[in-house]
Amino acid sequence: VRMALLPDLGAEILIPLCAVIGIVFSLAQWFLVSKVKLTPGRGGSSAANNGRNGYRDHLIEEEEGLNDQSVVVKCAEIQSAISEGATSFLFTEYQYVGIFMVIFAALIFLFLGSVQGFSTKSQPCTYDQEKFCKPALATAVFSTASFLLGAITSVVSGFLGMKIATYANARTTLEARKGVGKAFIVAFRSGAVMGFLLAANGLLILYIAINLFKIYYGDDWEGLFEAITGYGLGGSSMALFGRVGGGIYTKAADVGADLVGKVERNIPEDDPRNPAVIADNVGDNVGDIAGMGSDLFGSYAESSCAALVVASISSFGINHDFTAMCYPLLISSVGIIVCLLTTLFATDFFEIKAVDEIEPALKRQLIISTVLMTVGVVIVTWTCLPSSFTIFNFGTQKVVHNWHLALCVCAGLWSGLIIGFVTEYYTSNAYSPVQDVADSCRTGAATNVIFGLALGYKSVIIPIFAIAVSIFISFSLAAMYGIAVAALGMLSTIATGLAIDAYGPISDNAGGIAEMAGMAHDIRERTDALDAAGNTTAAIGKGFAIGSAALVSLALFGAFVSRAGISTVDVLTPKVFIGLIVGAMLPYWFSAMTMKSVGSAALKMVEEVRRQFNTIPGLMEGTAKPDYATCVKISTDASIKEMIPPGALVMLTPLIVGTIFGVETLSGVLAGSLVSGVQIAISASNTGGAWDNAKKYIEAGASEHARSLGPKGSDPHKAAVIGDTIGDPLKDTSGPSLNILIKLMAVESLVFAPFFATHGGLLFK
């Protein structure tokens, strides 16, 4: 057996080095974005900085009246209002979530400490009774610590993402005066700042935690990596509240603003006369950006944890081969470098000149990163793994070759690309599915809804086959470890995925600011084009999040089953089957809660907006200012109050089922929720994205067909707006939160597995 080419020292240097490079790169991108000034300067623009082109730029500005100081001031005002709203909401949310974090950390400590009655003596290892391992009390302490660490990292990733997005939105608007290419680069760079910060931070903190825990655990790697799983649990539990809270916030405002503004009052989207307009733009940042950031960080942390747990009881862990053990982290490190090169293709190697080049440029990002990453995976696998080794497979050790693992990672990577492309096909208005939905608006809202739902259900088919194929390949080649690294493969290009995803809400905000600042029509057209591409990339990002959640949760499920000491999960035993059918119901229960929360919050918002239109004199004429703050407060209060029940449902289910019914029923619940959750999540997010873009398609009027349905305010357009409004909670609240439900229940079961295995199943004892 050939040993790995890369010595342990190499891995110890390479991982933190790549993480630091990622952080430095994101700061460099942020510096470039900050060069766009938000203070009205001499000549109204950075004409002087352009050196060679300064004179020509200056002339263009004179023609377009770019020196209009008041526009810049207005943009800066709106931006600070959005930023303040988002910051104050997140602080309020984090106060509640912080209380929850402390309570849950105490639960982890009590449950896991009680496994051996809080004894401090070494115990025989779970998988190898001959050896002695650290006591369960140590696992309790370190799991609690890693849970808090993961939670804090998750919250910080979400918060930083929001800060960057609110920093960049007005800058994108101002750059749109110079052309669509310039605006695209600002929005994309800001997305990249978030993507790289998050990927690098997640990797660095996980790596540091492993090394710190190693000081205590020494050679007991099994206990060490079991305690590390708390990191994934912390990351995802914060993501759940961020996603649900942010999703309810953003959609209450969006639905309220659209229903009264566009349908009843016939004023355009983001019109400054609409009282809910600031809340709507704040919502994009707290839901799509902060929520998405925490969500993908959670996926990333969990897939790393799942892979590490399985590896620690395979030959890597038994032989204490540190480089091979760190294989999941090395893949992520190479991923950061690959994404760095990929980003340069969008910002530096090619320039976008026309509107129709935006979507291809974003699509190119996905293809380039996938191709480069395939090469990266092969190199890492060849240098960091011995030529053959064994992987723990439900009680036996399975012999695996290093190229098997490369295939597993690539299976995940490429199925991610397929899911991205299918999502794009179903949600972009350049293709027939969305155009058919738009066409069905001729006969009113009902046909629009029927077509949209059908599109969503149909869009599930290919992604599920892609996930199925990658599961089959990975499992056959390398058992549960194969599935964990396939999930990591899908998430290895997370920096690029997040960059194109965060780009969406930033350009959405930029359009809102352009409308509120009363900018010229052609500028609003440019930001609309950026925004329509952004809807598609947001849907692609959700597709990635859902696909990776399916793989991650299956890997965690495998680790849980191994840890809980179940050799097989038999569907024909009543214990398992009842779990299966109840688990499949949970995503529906969860969706019902989140949809209803959006509905009731939107109802309050609609009443408030109507009240302001009816009672503030001069509001419709534009002589009086609406009261934005009340609408922001309605959204904040609703989302904080409404995020608790869905969150409690997800967090308590595994604890209750495991304690009362035991590990077999819990394994059924996990399998059931995984199988049904993935379907609802994909169909919900694609239906919503398609309705949104069908409305954009009619509004843009770019083709003969679109013009026959428009203009804004026509009956087909109103039908399209209704579809878009129904789709809002589907695509931004229920859909994206479901992938967290799937992962979170699995990772929580894994963390609490020692307790369930010893004390669980009270009912059947």
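The values are calculated or read from the model by the stated rules, or taken from the named source; none is laboratory data. What you are looking at is a predicted structure, and each value in this text was computed from that prediction instead of being measured. Cβ coordinates were reconstructed from backbone atoms using ideal geometry, including for glycine residues, and neighbour counts include every protein chain displayed. Ligands, DNA and RNA are stripped out before the accessible areas are found, and what is left, the full protein with its side chains, is counted by its heavy atoms. Shrake-Rupley method; radii C 1.70, N 1.55, O 1.52, S 1.80 Å.
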The one condition in (1) assigned to a helix (DSSP H, G or I); (2) among the polar types (S, T, N, Q); (3) open to solvent by 50 Å² or more (accessible area, probe 1.4 Å) that THR87 fails to fulfil = (3)
Determine if region 722-745 includes at least one residue that is over 30 Å from ILE698 (Cα atoms), in contact with a helix residue (DSSP H, G or I) (Cβ under 7 Å, 6 or more places away or on another chain) and not in a helix (DSSP H, G or I).
-> no
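Quick check on my filter: what residues within region 415-430 are under 17 Å from VAL460 (Cα atoms) and open to solvent by 50 Å² or more (accessible area, probe 1.4 Å)?
So the first thing to find is which residues in region 415-430 are under 17 Å from VAL460 (Cα atoms), and the list is 415-428.
Selection gives ILE418, PHE421, TYR425.
One line per residue, one yes/no per condition, for (1) closer than 27 Å to LYS743 by Cα; (2) modelled with pLDDT under 90:
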| residue | (1), (2) |
| --- | --- |
| GLY245 | yes, no |
| LYS262 | no, yes |
| ILE267 | no, yes |
| ASP271 | no, yes |
| ALA279 | no, no |
| ASP284 | yes, yes |
| ASP288 | yes, yes |
Could you check how many residues of region 51-84 are over 30 Å from ASP627 (Cα atoms) and either open to solvent by 60 Å² or more (accessible area, probe 1.4 Å) or at pLDDT below 50 (or both)?
-> 14
If ALA192 satisfies every condition in (1) small (Gly, Ala, Ser); (2) in contact (Cβ under 8 Å) with a residue 24 or more places away in the chain; (3) open to solvent by 10 Å² or more (accessible area, probe 1.4 Å) but one, which is the exception?
-> (3)
Can you name the number of the only condition in (1) more than 15 Å from the chain's Cα centre (by Cα); (2) in contact (Cβ under 8 Å) with a residue 60 or more places away in the chain that ILE215 fails?
-> (2)
Looking at (1) closer than 19 Å to ALA311 by Cβ; (2) open to solvent by less than 20 Å² (accessible area, probe 1.4 Å), which is the one condition that is false for ILE494?
-> (1)
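Going by the conditions given, is THR447 farther than 20 Å from LEU709 by Cβ and among the polar types (S, T, N, Q)? Break it down into steps so the answer makes sense when it comes.
Working: farther than 20 Å from LEU709 by Cβ: no; among the polar types (S, T, N, Q): yes.
Answer is no for this residue.
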Out of ILE228, ILE205, ILE248, which single residue is of a type in the set (Val, Ile, Thr), outside any loop (DSSP other than H, G, I, E, B), free of Cβ contacts under 8 Å to residues at least 60 places away in the same chain and in contact with a Ser or Thr (Cβ under 7 Å, 6 or more places away or on another chain)?
-> ILE205
Determine if region 662-684 includes at least one residue that is within 20 Å of SER428 (Cα to Cα), hydroxyl-bearing (Ser, Thr, Tyr) and in contact (Cβ under 8 Å) with a residue 12 or more places away in the chain.
-> yes
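Could you tell me whether region 745-754 includes any residue that is in contact (Cβ under 8 Å) with a residue 60 or more places away in the chain and over 26 Å from the mean Cα position of the chain (by Cα)? Outline the logic, then answer.
Pass one, region 745-754, residues in contact (Cβ under 8 Å) with a residue 60 or more places away in the chain: 745-754.
With over 26 Å from the mean Cα position of the chain (by Cα) added as a condition, the list becomes 753-754.
Yes: one or more hits.
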Residues that are in contact (Cβ under 8 Å) with a residue 40 or more places away in the chain, open to solvent by 60 Å² or more (accessible area, probe 1.4 Å) and within 14 Å of ALA311 (Cα to Cα), drawn from region 374-397 = PHE394, GLY395, GLN397
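Just name the residue that is nearest to SER304 (Cα to Cα) out of those in region 178-202 that are in a helix (DSSP H, G or I) and of a type in the set (Lys, Arg).
This residue is ARG189.
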Given (1) modelled with pLDDT of 90 or more; (2) under 23 Å from LEU6 (Cβ atoms), index of the condition THR342 fails | (2)
Would region 524-547 turn up any residue that is farther than 30 Å from ILE634 by Cβ and surrounded by fewer than 23 Cβ atoms within 10 Å (Cβ to Cβ)?
-> yes
For residues that are among the polar types (S, T, N, Q) and open to solvent by less than 20 Å² (accessible area, probe 1.4 Å), tally how many sit in region 473-488.
-> 1
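Can you confirm whether region 146-158 contains a residue that is open to solvent by 40 Å² or more (accessible area, probe 1.4 Å), within 25 Å of ASP8 (Cβ to Cβ), of a type outside the set (Val, Ile, Thr) and at pLDDT 90 or above?
Of all residues in region 146-158, those open to solvent by 40 Å² or more (accessible area, probe 1.4 Å) come to 148-149, 152, 156.
Add one more test, that the residue is within 25 Å of ASP8 (Cβ to Cβ), and what stays is 149.
In the following step, the residues that additionally are of a type outside the set (Val, Ile, Thr) were identified as 149.
This time we only want the ones that are at pLDDT 90 or above, so: 149.
Yes: region 146-158 contains one or more residues that are open to solvent by 40 Å² or more (accessible area, probe 1.4 Å), within 25 Å of ASP8 (Cβ to Cβ), of a type outside the set (Val, Ile, Thr) and at pLDDT 90 or above.
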Identify the single condition in (1) touching a helix residue (DSSP H, G or I) at 6+ places or on another chain (Cβ under 8 Å); (2) farther than 21 Å from LYS731 by Cβ; (3) of a type outside the set (Lys, Arg) that SER597 does not satisfy, given that it satisfies every other one.
-> (2)
Counting just the residues of region 736-760 that are farther than 16 Å from ILE566 by Cβ and in contact with an Asp or Glu (Cβ under 9 Å, 6 or more places away or on another chain), which one comes out surrounded by the most Cβ atoms within 10 Å (Cβ to Cβ)?
-> LYS743
Here are some conditions: (1) in a helix (DSSP H, G or I); (2) out of contact with any Leu (no Cβ under 8 Å at 6 or more places or on another chain); (3) open to solvent by 10 Å² or more (accessible area, probe 1.4 Å); (4) among the aliphatic types (A, V, I, L, M). ILE513 meets all but one. Which one does it not meet?
-> (3)
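Considering each of GLY452, GLY456, GLY444 in turn, give the residue that is open to solvent by less than 30 Å² (accessible area, probe 1.4 Å), on the phi > 0 side of the Ramachandran plot and among the small types (Gly, Ala, Ser).
Result of the check over GLY452, GLY456, GLY444: GLY444.
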If you take the residues of region 431-441 that are open to solvent by less than 40 Å² (accessible area, probe 1.4 Å) and touching a residue at least 24 places away in the same chain (Cβ under 8 Å), which of them is farthest from SER369 (Cα to Cα)?
-> CYS441
Subset of region 309-338 [among the polar types (S, T, N, Q) and touching a helix residue (DSSP H, G or I) at 6+ places or on another chain (Cβ under 7 Å)] = SER312, SER314, THR323, SER332, SER333
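Taking region 459-472, which residues are open to solvent by less than 40 Å² (accessible area, probe 1.4 Å) and in a helix (DSSP H, G or I)?
Step one: list which residues in region 459-472 are open to solvent by less than 40 Å² (accessible area, probe 1.4 Å), which gives 459-460, 463, 466-467, 470.
Correct list: PRO463, ALA466, ILE467, SER470.
Scanning for something crowded, with 18+ Cβ neighbours inside 10 Å and touching an Asp or Glu at 6+ places or on another chain (Cβ under 9 Å), does region 580-592 turn up at least one residue? Break it down into steps so the answer makes sense when it comes.
Keep residues of region 580-592 that are crowded, with 18+ Cβ neighbours inside 10 Å, which gives 580, 582-584, 586-587, 590-591.
Narrowing the set further to residues that are touching an Asp or Glu at 6+ places or on another chain (Cβ under 9 Å) leaves none.
For region 580-592, residues crowded, with 18+ Cβ neighbours inside 10 Å and touching an Asp or Glu at 6+ places or on another chain (Cβ under 9 Å): absent.
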Cross-chain or 6+ apart pairs with Cβ under 6 Å, region 91-112 first and within 30 Å of ALA757 (Cβ to Cβ), then modelled with pLDDT of 90 or more and among the basic types (Lys, Arg) = none
Mind checking which pairs have a first residue in region 561-589 that is farther than 21 Å from ALA757 by Cβ and a second that is open to solvent by 50 Å² or more (accessible area, probe 1.4 Å) and in a helix (DSSP H, G or I), Cβ under 9 Å, 6 or more apart or different chains?
-> ALA584/VAL675; PRO587/GLN679
